[in-house]
Amino acid sequence: MALTSAIAWPNDKTYLFFDDDSYHRYSTVTGSFEQGNLDVATHWSGMTASPDAFTWWGAGKAYAFHGSTYQRYDQATDRVDPEYLPPNPPFSLGAGWPGLPDGSGGSVNLRTGVDAALNWGNGKLFLFKGDSYLRYDMTANQVDVGYPVKIADRWPGLFIRDLSAALYPGGRYAYFFRGNAFQRYDIDADHVDVNGTLAGFSLAPPPPGALTPARLLTRTQANGLMADLIRRGKLTLKSPAFVDGPTGIVSPTPSQRVRVQPAAVDGIRYTNALNTTADFFDNVDQRMLIALYRLTRWINSSAPDVSEIFHLGIGHGSGPSNDCHNQGRALDLSAIGGTLDGSAFKKSVQTDWGSLPPRPGSNIRIDPSVDALAHALFTTAFRYATYECEANGIGEANKWPMPDLGGSGRVIYPDYGGDPQLRHMHQDHMHLQVGRTTV
């Protein structure tokens, strides 16, 4: 039997699918094989055959590609969403995935099928076909400009064509398959570091919860994910002191709030707009720290080059001691800075959004035709927040579909469509939180 697709799931399991409509299950957190030759139709309700490609999307949804059609799979109900099943007509790639190339002009045709797909954990999907691939933006819901490109031009050491499957279980490594071979890709070093055969495949396990939204992480999961980031050099704790033991992190304990110094996460500085010289942020819940790291990945996943996120508070606020700010579970994002085509920029929520006049025919004041940069940055930050932070509920109460700009929910910003008083109070920042507002 031949491998057709692979996917890592937020339940800390990884699945490999084969052309005889069976699949194998692996434990993502141990890296080991658990059970094989399971029947797809029996265990993946609504899918009658192994998909050609399968990718996690987020917000409880995944997409399975079958030739020129696709299905959406729901994590909560553990089945294909009913609208993607007969007697409804199949959903076509050409109609449902804007910008997929059709083969004209000598480009690869992804409307007829996808070889492999994976979610890179930064608001981008990668879709592979033949010797090419493209990057799909989850915020704009379209193919990024400049794609497709050749695999060989961007992925050092990777199979140059005809992938069988791909998966990213979170953490440092992704995996790519062709025929009976696999390669492990080191994301931090940006190159292939392991070659092997499918018979000997195992995962270098990321910490538990690597694909779980920040809002659903347990304190213990966040603690392990934080330790992994420290070991990888993505951030540095000032206090409590980070102590690694033989079996894992000793300090901080999962319940402790932390101080990050310098005030940078994965190369992006979190600058307090009220005290720009402060090179730290403190009193941060570890679940929120994981949210901050994931925000840096989303906001810097493509041009422009973001180097700084300005905020009006992370671990402190003016409310009661048990609110999300004073418990280190919220971020008030006030501006984003960096460079675009060699020129420095700083886009302010207040100046470039909250102070704008109403726009006729739209409930969003930023006009992408006038300020494409501000629109792209703030819509990406918003979409990220709906996937990782509280969106239209708290914890498990967040339900698909995630809110769109102009709606209500727990992400609050200048054009917030809920309580007018909350909208008035958020003309100069975007509020993101993990957990309840007060506990």
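The values are calculated or read from the model by the stated rules, or taken from the named source; none is laboratory data. Just so we're clear, the structure is a prediction, and the values are computed from it rather than from any experiment. For neighbour counting, all protein chains shown are included, and Cβ atoms are generated from backbone atoms with ideal geometry for every residue, glycine included.
Tabulated data for the structure shown
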| quantity | calculated |
| --- | --- |
| Options PRO51, PRO98: the member that is in a loop (DSSP other than H, G, I, E, B), surrounded by fewer than 17 Cβ atoms within 10 Å (Cβ to Cβ) and not assigned by TED's automatic domain parsing to the domain that holds ALA381 | PRO98 |
| Pick from the stretch 102-141, criterion in contact (Cβ under 8 Å) with a residue 40 or more places away in the chain and in contact with a Pro (Cβ under 6 Å, 6 or more places away or on another chain), ranking: surrounded by the most Cβ atoms within 10 Å (Cβ to Cβ) | VAL108 |
| Candidates LEU167, LEU235, LEU225 - the one that is in the same structural domain as GLY67 (by TED's automatic domain parsing), of a type in the set (A, V, I, L, M) and crowded, with 20+ Cβ neighbours inside 10 Å | LEU167 |
| Neighbours by Cβ (under 6 Å, 6+ apart or cross-chain): first from the stretch 1-21, over 21 Å from PRO205 (Cβ atoms); second among the polar types (S, T, N, Q) and part of a strand (DSSP E or B) | ASP19/THR4 |
| Number of the condition not met by THR42 [criteria: (1) assigned to a strand (DSSP E or B); (2) more than 25 Å from the chain's Cα centre (by Cα); (3) of a type outside the set (Gly, Ala, Ser)] | (1) |
| Evaluation of PRO254 against (1) of a type outside the set (Ser, Thr, Tyr); (2) surrounded by 14 or more Cβ atoms within 10 Å (Cβ to Cβ); (3) in contact (Cβ under 8 Å) with a residue 60 or more places away in the chain; (4) assigned by TED's automatic domain parsing to the domain that holds LEU295 (one fails), failing number | (3) |
| Residue satisfying condition, being at pLDDT below 95 and either among the hydroxyl-bearing types (Ser, Thr, Tyr) or in a strand (DSSP E or B) (or both), within set SER318, SER302 | SER318 |
| Neighbours by Cβ (under 8 Å, 6+ apart or cross-chain): first from the stretch 406-418, in the same structural domain as GLY354 (by TED's automatic domain parsing); second of a type in the set (S, T, N, Q) and crowded, with 22+ Cβ neighbours inside 10 Å | GLY409/THR386; ARG410/GLN433; VAL411/THR386 |
| Residue match in the stretch 118-128 (condition: modelled with pLDDT of 95 or more, over 23 Å from the mean Cα position of the chain (by Cα) and either outside any loop (DSSP other than H, G, I, E, B) or of a type in the set (S, T, N, Q) (or both)) | no |
| Some residue of the stretch 59-70 being touching a residue at least 60 places away in the same chain (Cβ under 8 Å) and out of contact with any strand residue (DSSP E or B) (no Cβ under 9 Å at 6 or more places or on another chain) | yes |
| Selection count where residues are crowded, with 18+ Cβ neighbours inside 10 Å and either among the polar types (S, T, N, Q) or closer than 17 Å to LEU217 by Cβ (or both), scope the stretch 266-282 | 2 |
| Filter result for ASN398 (surrounded by 20 or more Cβ atoms within 10 Å (Cβ to Cβ), farther than 25 Å from VAL306 by Cα and modelled with pLDDT of 95 or more) | yes |
| Residue in the stretch 373-382 that is assigned to a loop (DSSP other than H, G, I, E, B), free of Cβ contacts under 8 Å to residues at least 60 places away in the same chain and crowded, with 18+ Cβ neighbours inside 10 Å present | no |
